[in-house]
């Protein structure tokens, strides 16, 4: 599900929202928590491929190992020797605040009046710059990263309160935006979800302890029992006395889970809002077929994130489903800058056509989203070169017209294709014979959000909290020398 294809000859930006981050927390009476966290992070690798890390505690101190790259590249057997103890948290990152470099790899370790603690976060704090300046002024905090996670960590390290629940609530009163955090102190594991529940977080039971994770698929891989999703504003603490839960009383009661979790981000075998993601995506495809029917011979999906929606479209329309594109799942990641002239070759490195299947056929091509429109024309061209007679693009998300400030690195308003072009203009630009997007109403009908419960700001511009429209992911790097 990566939204970029990194190749030895250049990086090709694929036309999807960039992943958020994945977090996990493990408490087990048998020790080896860091190894369980590793396998949990491996299951969450789709949520970010820039960096990863694990923090472990044994009752006396917290130790962190983090680096750039994929989970399996970062951790080798010797790396686990210092990560001892029955508690561990982990993080896999795509940068939504702060640039992609080692100092921003998480978990981040800080120390303050509340002792030593490590923090990992999935989300984006939109008032991080103001809070950072406040922390520097009031507590003389020194910042070593340029990510908003360190702002959360420093706030917790200096927060007022007799218990960890009170300290997290103290932070919730000041933090604005989206966050699902896991925290590791020397003797306590803490998990918290923002008061709107914008970013996902769920709870599971191990035979010998507890686990929290961004998605339930991580629980499945560890043999844990899925219990439930954390409520918005809920704080869970786990220590030697067991698991405790409390919910912040200052919440509005509104829920605003990012709807793109169900459209694209989450793994299809995860459960969110009580629904299997795979089933939701099939229903999105079926709704798309109702809204945008077309005469065609085959329905294909752009693998892998659109496969379920394509199957749903085929079932509803009665048009046969088939694979028409094959995805190369073993393209390596590098950090080489892109070259425009190699863009089409980059698409060919990721996808290849099944010529005998699509030749002479009228195709319905289902995709989950179009953001900048950088990839879709190349995919359409690839299908035509493979012999497709007609190519009808169908998108199981509404047109993306507004940037995200809640933890998804999507694009600026100027870069968003649908914000600056009509439907017909987009059709011409991507080279399709016809183009149809799912409606906002249809999306909400499928996901169960007709009466609220989801953030759909990228489609509607209705943000769940007030935002600065000029906010960028590098804001903390521009907030003065202390950010360096």
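With respect to the conditions (1) assigned by TED's automatic domain parsing to the domain that holds residue 167; (2) more than 22 Å from the chain's Cα centre (by Cα); (3) modelled with pLDDT of 95 or more; (4) farther than 30 Å from residue 466 by Cα, residue 226 falls short on a single one, namely (2). Any idea which residue in the stretch 17-69 is modelled with the lowest pLDDT, counting only those that are assigned to a loop (DSSP other than H, G, I, E, B) and either crowded, with 19+ Cβ neighbours inside 10 Å or outside the structural domain of residue 86 (by TED's automatic domain parsing) (or both)? Checked the stretch 17-69; the qualifying residue modelled with the lowest pLDDT is 19.
Exactly one residue among 408, 446, 440 is in the same structural domain as residue 301 (by TED's automatic domain parsing), over 22 Å from residue 383 (Cα atoms), surrounded by fewer than 22 Cβ atoms within 10 Å (Cβ to Cβ) and in contact with a helix residue (DSSP H, G or I) (Cβ under 8 Å, 6 or more places away or on another chain), and that residue is 440.
So, in the stretch 383-404, of the ones that are out of contact with any strand residue (DSSP E or B) (no Cβ under 6 Å at 6 or more places or on another chain) and closer than 28 Å to residue 456 by Cβ, which residue ends up surrounded by the fewest Cβ atoms within 10 Å (Cβ to Cβ)? Among them, the one singled out is 401.
Every test in (1) under 30 Å from residue 363 (Cα atoms); (2) touching a strand residue (DSSP E or B) at 6+ places or on another chain (Cβ under 9 Å); (3) at pLDDT 95 or above is passed by residue 305 save one, and that test is (3).
Here the strands (runs of 3 or more DSSP E) wholly within the stretch 331-441 that include at least 2 residues being at pLDDT 95 or above and at negative phi are 362-367, 390-395, 434-437. Would you be able to say whether some residue in the stretch 70-82 is in a loop (DSSP other than H, G, I, E, B) and at pLDDT below 95? Yes, the stretch 70-82 contains a residue that is in a loop (DSSP other than H, G, I, E, B) and at pLDDT below 95.
Of all the criteria given as (1) farther than 28 Å from residue 449 by Cα; (2) at pLDDT below 95, the one not satisfied by residue 177 is (1).
Residue-wise test of (1) at pLDDT below 95; (2) over 18 Å from residue 366 (Cα atoms); (3) crowded, with 24+ Cβ neighbours inside 10 Å.
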{"position": "251", "(1), (2), (3)": "yes, yes, no"}
{"position": "263", "(1), (2), (3)": "no, no, yes"}
{"position": "272", "(1), (2), (3)": "no, yes, no"}
{"position": "281", "(1), (2), (3)": "no, no, yes"}
{"position": "291", "(1), (2), (3)": "no, no, no"}
{"position": "294", "(1), (2), (3)": "no, no, no"}
{"position": "299", "(1), (2), (3)": "no, no, yes"}
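In the stretch 203-217, the residue that is surrounded by the most Cβ atoms within 10 Å (Cβ to Cβ) out of those that are in contact (Cβ under 8 Å) with a residue 60 or more places away in the chain and within 22 Å of residue 30 (Cβ to Cβ) is 213. The single residue among 233, 242 that is at positive phi and more than 24 Å from the chain's Cα centre (by Cα) turns out to be 242. Listed conditions (1) at pLDDT below 95; (2) surrounded by 17 or more Cβ atoms within 10 Å (Cβ to Cβ); (3) out of contact with any strand residue (DSSP E or B) (no Cβ under 8 Å at 6 or more places or on another chain); (4) in a loop (DSSP other than H, G, I, E, B) are all met by residue 468, apart from (2). Examine the stretch 218-225 for a residue that is in a strand (DSSP E or B), in contact (Cβ under 8 Å) with a residue 40 or more places away in the chain and under 22 Å from residue 55 (Cβ atoms), and state whether such a residue exists. Checking the stretch 218-225: not a single residue is in a strand (DSSP E or B), in contact (Cβ under 8 Å) with a residue 40 or more places away in the chain and under 22 Å from residue 55 (Cβ atoms).
Of all residues in the stretch 100-158, those being in a loop (DSSP other than H, G, I, E, B) and more than 18 Å from residue 195 (Cα to Cα) number 15. Restricting attention to the stretch 144-178 and to residues that are in contact (Cβ under 8 Å) with a residue 60 or more places away in the chain and under 19 Å from the mean Cα position of the chain (by Cα), the residue that is nearest to residue 241 (Cα to Cα) turns out to be 178.
Going by what's in this entry, would residue 384 be described as assigned by TED's automatic domain parsing to the domain that holds residue 325 and out of contact with any helix residue (DSSP H, G or I) (no Cβ under 9 Å at 6 or more places or on another chain)? So residue 384 fits the description; yes.
The values are calculated or read from the model by the stated rules, or taken from the named source; none is laboratory data. Owing to the predicted nature of the structure, the values given are computational and were not obtained by experimental measurement. Every residue, glycine among them, receives a Cβ derived from its backbone with ideal geometry; neighbour counts consider all protein chains shown.
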